[in-house]
Amino acid sequence: MQEKWDLKTYCEILGVSENSPQHIIHAAYLNARKLYSQDNPELSNSFSKAEAEELERLVEEAFAVLGNYSMRAFYQRKNELKTDQISFEPSALSPIETQLPKGVKTTAVSTYRVDPSFEEEIKQAQVFDGSTLKRIREYKCISIDQISTATKIKSTYVRSIEDNNFNALPAPVYTRGFIIQIAKTLDLPPEEVASSYMCQYKNTHEPRV
């Protein structure tokens, strides 16, 4: 059987980098377990029972590798060397498929089912206002709390951005920074999104007295 181990895939499943310290990996694992639990009603609305079970399995498998120093070292070394240069095999896991289910994508903080028509709509979008960002966030199964945690932006500001409540937002330079961080979390082109949003911000924002 051909081996299909992939360190990058494991990291994508938990939303961590290949160089993340162990405490970050463990925290990401706990968050992923909660997010992809079959008891999570949001998950059941987006995935079938079989897909939810597969996501749970992938989370457990990813942590079995990334949470184990020797296993993680093996995969890191495997990435650096050619297959025929590796003279040892891991003992903790058997070679198993690590690809995400067909039609499923990941962001840094979520996993979601792909809707080709909406993906095309996002690709063609030229105007990114708050309602558009909200639709994309919900489509990618990302909560406001997850956005807030990932970007360090207060959830009240995230809501104000999505509501186009410009008067509740800080000065333009800070708001632009918020939009860039949110766009990155949503896997959108940050400069394009920020320019579009700030154009609307400047056109409708009421200067504070």
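The values are calculated or read from the model by the stated rules, or taken from the named source; none is laboratory data. This is a predicted model, so every value here is computed, not measured. As a convention, Cβ positions derive from the backbone with ideal geometry for all residues, glycine included, and neighbour counts pool all protein chains shown.
Summary table below
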| quantity | calculated |
| --- | --- |
| Among the residues listed as 142, 136, 161, 153, the single one being under 26 Å from residue 17 (Cα atoms), in contact with a Phe, Trp or Tyr (Cβ under 9 Å, 6 or more places away or on another chain) and part of a helix (DSSP H, G or I) | 136 |
| Some residue of the stretch 189-206 being closer than 23 Å to residue 28 by Cα, among the aliphatic types (A, V, I, L, M) and within 20 Å of the chain's Cα centre (by Cα) | no |
| Close pairs (6 angstrom Cβ cut-off, 6 or more residues apart or separate chains): under 18 Å from residue 137 (Cβ atoms) in the stretch 169-181, modelled with pLDDT under 90 anywhere | 181/151 |
| Condition check for residue 43: outside the structural domain of residue 142 (by TED's automatic domain parsing), at pLDDT below 75 and assigned to a helix (DSSP H, G or I) | yes |
